[in-house]
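The values are calculated or read from the model by the stated rules, or taken from the named source; none is laboratory data. As the structure is a computational prediction, the values presented were derived from the model and not from experiment. Every residue, glycine among them, receives a Cβ derived from its backbone with ideal geometry; neighbour counts consider all protein chains shown. Protein only, heavy atoms only, side chains kept; ligands, DNA and RNA dropped before computing areas. Shrake-Rupley method; radii C 1.70, N 1.55, O 1.52, S 1.80 Å.
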Amino acid sequence: MTLFDRLKAASADDWTAYVEHDFVRQLGEGTLPVPAFRTYLVQDYLFLIHFARAYALGIFKGRHLADMRSALASVNAILGEMDLHVGFCAEWGISEAELERTPEERANTAYTRFVIDAGLRGDLLDLHVALAPCVIGYAEIARRLAATAKGADPANPYARWIAEYSGEAYAAVAEAAIAKLDSLGDELLTEKRFTAVSDLFAQASRLEADFWQMGLDAAG
Ligand SMILES: Cc1ncc(CN)c(N)n1
């Protein structure tokens with residue numbers, strides 16, 4: 001069993017509330033109101049800036065060259081992920097400069113600063129556990145949606161989002177994150193420590209669910 005599967009099993013309710021959130025269901029069915037998606041996506045652009053910072057912390061805290069290289073690859077993957085956001089927003093007439101000026105929603109601040117704080121206070125294992133629901137969760141969600149008729153329908157207004165996160169490139173990022181957790185776990189995890197890292201994973205999963213909810217709330 002991977003460390004990721006163990007963490008997921010220990011936080012099963014929080015994980016399910018995240019990956020099966022109503023926002024996700026509506027996204028897959030193509031019924032999600034556009035204002036909900038727009039609020040989510042604009043906030044997600046800001047979110048990814050802070051996630052790139054969190055991965056940059058992984059370079060700073062790296063104990064081996066391999067840690068630094070993998071964190072750098074993740075920073076690059078996140079910066080690439082933002083092209084999706086810039087593309088959608090350009091279609092809505094929102095420029096990159098406007099995106100950057102958008103005030104952060106509280107759910108966004110809470111989540112991103114929680115992850116950065118986990119990395120600042122702790123070691124690489126704490127950081128990567130706090131990052132895991134984000135990186136790996138989206139691959140799981142999009143893979144499930146892409147396997148449904150409505151999720152795979154090119155007429156679904158969110159087909160591009162589903163394709164991005166269910167694609168091979170993102171799957172490779174998620175698999176690398178699972179492998180990284182295992183190698184960090186081999187090096188740094190003790191049974192005594194499991195509860196503390198599991199708490200980080202559960203909290204990050206709850207903050208992911210709050211992030212979806214922020215989008216739904218924006219649509220009223
Ligand atoms: C909130 C959130 N969580 C996860 C992902 C996937 N990297 C994302 N873009 N945004």
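A few notes on this one:
- Within region 112-132, not a single residue is hydroxyl-bearing (S, T, Y) and more than 16 Å from the chain's Cα centre (by Cα).
- Extreme residue, farthest from A204 (Cα to Cα), among residues of region 15-53 that are acidic (D, E) and more than 14 Å from the ligand (Cβ to nearest atom): E29
- Among the residues of region 13-36, just one is in contact (Cβ under 8 Å) with a residue 40 or more places away in the chain and among the hydroxyl-bearing types (S, T, Y), namely Y18.
- Complete set of residues in region 146-166 that are within 22 Å of K8 (Cβ to Cβ) and within 16 Å of the chain's Cα centre (by Cα): I162, Y165, S166
- Some residue of region 8-31 being of a type in the set (D, E), open to solvent by less than 10 Å² (accessible area, probe 1.4 Å) and under 17 Å from A139 (Cβ atoms): no
- Within region 57-78, considering residues that are of a type in the set (A, V, I, L, M, F, W, C) and buried (at least 17 other Cβ atoms within 10 Å of the Cβ), the one farthest from N108 (Cα to Cα): A71
- Here the helices (runs of 4 or more DSSP H) wholly within region 110-220 that include at least 1 residues being under 16 Å from A17 (Cβ atoms) and open to solvent by less than 20 Å² (accessible area, probe 1.4 Å) are 124-146, 191-218.
- Unique match (being over 16 Å from I162 (Cα atoms), among the aliphatic types (A, V, I, L, M) and in a helix (DSSP H, G or I)) among L84, L41, L72: L72
- Long-range neighbours under 6 Å by Cβ, at least six apart or interchain, first residue closer than 17 Å to A174 by Cα within region 112-138, second of a type in the set (F, W, Y) and within 12 Å of the ligand (Cβ to nearest atom): Y138/Y165
- Applying the condition of being among the small types (G, A, S) and under 24 Å from L216 (Cβ atoms) to region 95-119 and asking which residue is nearest to the ligand (Cβ to nearest atom) yields A107.
- Of all residues in region 54-94 being within 15 Å of the ligand (Cβ to nearest atom) and acidic (D, E), the one that is nearest to I136 (Cα to Cα): E81
- Out of G122, G167, G220, sole residue that is among the small types (G, A, S) and within 13 Å of the ligand (Cβ to nearest atom): G167
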